[in-house]
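J.: Next up is a structure, given as structure tokens.
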Amino acid sequence: MALILAFDTATPHLAVVLARDGRPVAWREDAAADRSHAERLNVYAQEVMADAGRRLEDLDAVAVGTGPGSYTGLRIGLSAAKGWCFALDKPLIGMPTLDILVAQALAEGRQPQGTLWPMVDARRMEVYARAFAGEGRPIGETAPAILDGAWCRVRLEEGPATVFGDGADKAAVLWQASPAITFWPGIRPGVKGLARCAERSFIGGRFSNLAHLVPEYGKPANVAQQRGRL
């Protein structure tokens, strides 16, 4: 009977859910790109706990999406999760955002066609992606990918594929020209996926080290240094 507060801040879509046994009890979601996760995360957490009539002390664990995704968003999410777990002496669960996307798609009752390819936007035509089997089992490593005709031709050689996530949404025209690829628009790391992933990790005892859990950025930050200053 695990009671878990779970959230993901890797993308512009902020989702916060209080889940019992893998089912959402109370939640908040907001995809507004012009509002900061730093402004909303703690407020949403307080609201979902109040909606359910529970206190943070009642939690069995706190679960957080670890990316890949926004550098700033991931730091906000992991900092909040670690702070709550440290203060409350609760277990910490880190969940890859691509796993949450797959869990969300399957929780919505989608019928996969071949290999699943969840994608998180990485600007321009680049995405973070990972291959999963139809039942949700990962079969590849997370890596950056450029969405173009060459990527689609490789998928054609491998067999049917299904793409989704905000990274896939920006390439809708590309998918229309690729008959071997099924496109599921509008899927985000939402409350159902968060609840499912958190529960599976809790049952499997897959807890994260509070001190050592770090975001999965996907690739190094592109930081420019100013010249002529000490």
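Readers should treat all values here as calculations from the given coordinates under stated rules, not as data from a laboratory. On a predicted model such as this, the values are computed, not experimentally measured, just so you know. All Cβ positions, glycine included, derive from the backbone under ideal geometry; neighbour counts span all protein chains shown.
J.: Given charges of +1 on the Cβ of Lys and Arg and -1 on the Cβ of Asp and Glu, with all other atoms neutral, how large is the dipole of the chain about its Cα centre, in debye to the nearest 20?
T.: It works out to roughly 400 debye.
J.: Among Pro91, Ala2, Ser79, which residue has its Cα furthest toward the positive end of the charge dipole of the chain, with +1 on Lys/Arg Cβ and -1 on Asp/Glu Cβ?
T.: Ser79
J.: Give me the count of lysine pairs in the chain whose alpha carbons sit under 25 angstrom apart, restricted to pairs 8 or more positions apart or on different chains.
T.: Here the count comes out as 6.
J.: By its C-alpha gyration tensor, with a ≥ b ≥ c as the square roots of the eigenvalues, how is the chain shaped: rounded for a/c under 1.5, else prolate for a/b larger than b/c, else oblate?
T.: Verdict is oblate for the chain.
J.: Continuing with this model, one more query. Taking a ≥ b ≥ c as the square roots of the Cα gyration tensor eigenvalues, with a/c under 1.5 meaning rounded and otherwise prolate when a/b beats b/c, else oblate, which class fits the stretch 111-230? Let's see the in-between values first.
T.: On the way: a/c = 2.19, a/b = 1.12, b/c = 1.95.
Oblate, because a/c is 1.5 or more while a/b does not exceed b/c.
J.: Now, a different point. Going by the alpha-carbon gyration tensor, a ≥ b ≥ c the square roots of its eigenvalues, is the stretch 1-105 rounded (a/c under 1.5) or, if a/c is not under 1.5, prolate (a/b greater than b/c) versus oblate?
T.: In terms of gyration-tensor shape, rounded.
J.: If you don't mind, there's one more thing I want to ask. What does the charge count near Arg55 come to, summing +1 for each Lys or Arg and -1 for each Asp or Glu among other residues with Cβ under 15 Å from its Cβ?
T.: My count for the surroundings of Arg55 gives -3.
J.: Ok, one more. If each residue's Cβ is checked for other Cβ atoms within 10 Å, how do Tyr71, Tyr44 rank with the fewest at the top?
T.: Tyr71, Tyr44
J.: To the nearest 10 degrees, how steep is helix 71-88 against the longest Cα principal axis of the chain, on a 0 to 90 scale?
T.: Here the helix axis deviates by roughly 30 degrees.
J.: Output the relative contact order of the chain, whole-number percent, from Cα pairs under 8 angstrom with separation of 6+ residues.
T.: This gives 24 percent for the chain.
J.: A follow-up question, please. Go through the stretch 159-173 residue by residue and turn each phi into a ³J(HN,Hα) via Karplus (6.51, -1.76, 1.60, θ = phi - 60°); whole Hz please, and just put x for glycine and proline.
T.: Result, ordered by residue: x, x, 9, 10, 10, 6, x, 5, x, 6, 4, 6, 10, 4, 5 Hz.
J.: Moving to a separate point now. Which order do Thr72, Thr66 fall in if you start with the one that has the fewest other Cβ atoms within 10 Å?
T.: By the 10 Å Cβ count, ascending, the order reads Thr72, Thr66.
J.: Under 8 Å for C-alpha pairs, at least 6 residues apart: give me the relative contact order for the stretch 111-184, rounded to a whole percent.
T.: It rounds to 34 percent for the stretch 111-184.
J.: Calculate how many DSSP beta bridges within the chain are antiparallel, expressed in % of all such bridges and rounded to the nearest 5.
T.: Among the beta bridges of the chain, antiparallel pairing accounts for roughly 60 percent.
J.: So what is the 222 nm mean residue ellipticity for the chain from helices alone, if each DSSP H run of at least 4 adds -39500 (n - 2.57) and you divide by all residues, rounding to the nearest 500 deg cm²/dmol?
T.: Computed ellipticity for the chain at 222 nm equals -10000 deg cm²/dmol.
J.: Work from the charge dipole of the stretch 92-230 (Cβ charges, +1 for Lys and Arg, -1 for Asp and Glu, about the Cα centre) and give the residue of Pro112, Phe207, Ala177 farthest towards its positive end.
T.: Phe207
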